[in-house]
Amino acid sequence: MVADLEKLLTEKRNERTMRLDEMSPGEIIRIMNQEDGEVVRAVKNALPMIEQAIIWATESLKKGGRIIYIGAGTSGRLGVLDAVECPPTFGVPHSMVIGLIAGGPDAFVKAKEGAEDREALGKEDLKSISLKAEDIVIGLTASGRTPYVIGALEYAGRVGCKRIAIANNAGTPAADVADCAIELLSGPEVLTGSTRLKAGTAEKMVLNMISTASMVGIGKVYENLMVDVRQTNEKLITRAENIVMEAIGCGRGDARKALAEADGEAKLAITKMLLKCDIETAKEYLSRAEGKVKTAVSAYMKKRC
């Protein structure tokens, strides 16, 4: 096991930072910035597999399934982070995108390193949320060999879920038990073995892509506007008004009036204003269009013609 760890790309020493302890702050941040360029290249090389993951994630959501991220340490925290941002950004329930981390919620703020070594724990955590075949399980493991994640992916396969493995090494055990392996070969870390750096950044970029593109796929976006944003504070109330103003080209007063008629739902307010119809009609066409504003507008205009 120790010998296997030493072979991993993420555990190798970076020849460009052998003098890290002698560098000035300016030199350190310049080399870190330079190394981060490897992250962008690694993600670009994995785009075909990321696209496949998004297609499956969107299909899961359309069938009433969930996106489930599962990982340990930094990888697990990144999954939780992406999951908790989805409800306020896209107006989805907290149960639609779930982040699981080895050791439970407390491990988000206080590391429980031993939890990741328990393969059975990954299975148990998925069972605890009543995993079903319509769900998609995305395992996050920089090394690609975390037992907790491998156990989860194996169990997800028995349930009938699509399984994605995201790792920063090639040909890993996690990839072997997944239906799609996203290998982000970002190279040795600036600080040897510290996968919270390039590996973590690469994983975060991919999670941004998966959640954003799948939410676009289920109608949570109009043009490039987050039209299902929840108005949970003053900033988001103003953002909803701005979204309606941008989409329609109207003033703030008209946006506020439309939002009030739509009970604060920006997408419904926009659809009503685009169709120049009443709220109930706008709701009906949005429902038929599975929440996609442009599809609703197109259907309404065809009927009018």
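Observations, loosely collected:
- Residues that are within 13 Å of the chain's Cα centre (by Cα) and open to solvent by 20 Å² or more (accessible area, probe 1.4 Å) within the range 202-237 comprise 204, 205, 208, 209, 212, 213, 216, listed in sequence order.
- The combined condition, being in contact with a Lys or Arg (Cβ under 8 Å, 6 or more places away or on another chain) and either touching a residue at least 24 places away in the same chain (Cβ under 8 Å) or not β-branched (Val, Ile, Thr) (or both), is fulfilled by residue 241.
- Pair list, Cβ < 8 Å and 6+ apart or interchain, from the range 9-36 residues that are touching a residue at least 12 places away in the same chain (Cβ under 8 Å) and among the hydrophobic types (A, V, I, L, M, F, W, C) to residues that are open to solvent by 100 Å² or more (accessible area, probe 1.4 Å) and assigned to a helix (DSSP H, G or I): 31/16
- The set of residues in the range 1-58 that are among the hydrophobic types (A, V, I, L, M, F, W, C), at pLDDT below 95, over 25 Å from the mean Cα position of the chain (by Cα) and closer than 23 Å to residue 74 by Cβ comprises 1, 2, 5, 8.
- Residue satisfying condition, being open to solvent by 50 Å² or more (accessible area, probe 1.4 Å), assigned to a helix (DSSP H, G or I), farther than 30 Å from residue 183 by Cα and out of contact with any His (no Cβ under 9 Å at 6 or more places or on another chain), within set 284, 241: 284
- Members of the range 42-54 that are touching a residue at least 60 places away in the same chain (Cβ under 8 Å) and assigned to a helix (DSSP H, G or I): 42, 43, 45, 49, 50, 52, 53, 54
- Only residues that are under 24 Å from residue 303 (Cα atoms) and open to solvent by 20 Å² or more (accessible area, probe 1.4 Å) were counted across the range 244-253, and they come to 1.
- Answer residue from the range 82-123, given it is of a type in the set (Asp, Glu) and within 20 Å of residue 67 (Cβ to Cβ) and is most open to solvent (accessible area, probe 1.4 Å) among those: 85
- Residue pairs meeting the criteria (Cβ under 8 Å; at least 6 apart or on separate chains; first farther than 23 Å from residue 298 by Cα, in the range 254-273; second part of a loop (DSSP other than H, G, I, E, B) and open to solvent by 10 Å² or more (accessible area, probe 1.4 Å)): 264/231
The values are calculated or read from the model by the stated rules, or taken from the named source; none is laboratory data. These numbers come from a predicted model, not from an experiment. A quick note on method: Cβ atoms are made from the backbone with ideal geometry, for glycine too, and the neighbour counts reach across all protein chains shown. For accessibility, only protein heavy atoms count, side chains too; no ligands or nucleic acids. Shrake-Rupley method; radii C 1.70, N 1.55, O 1.52, S 1.80 Å.
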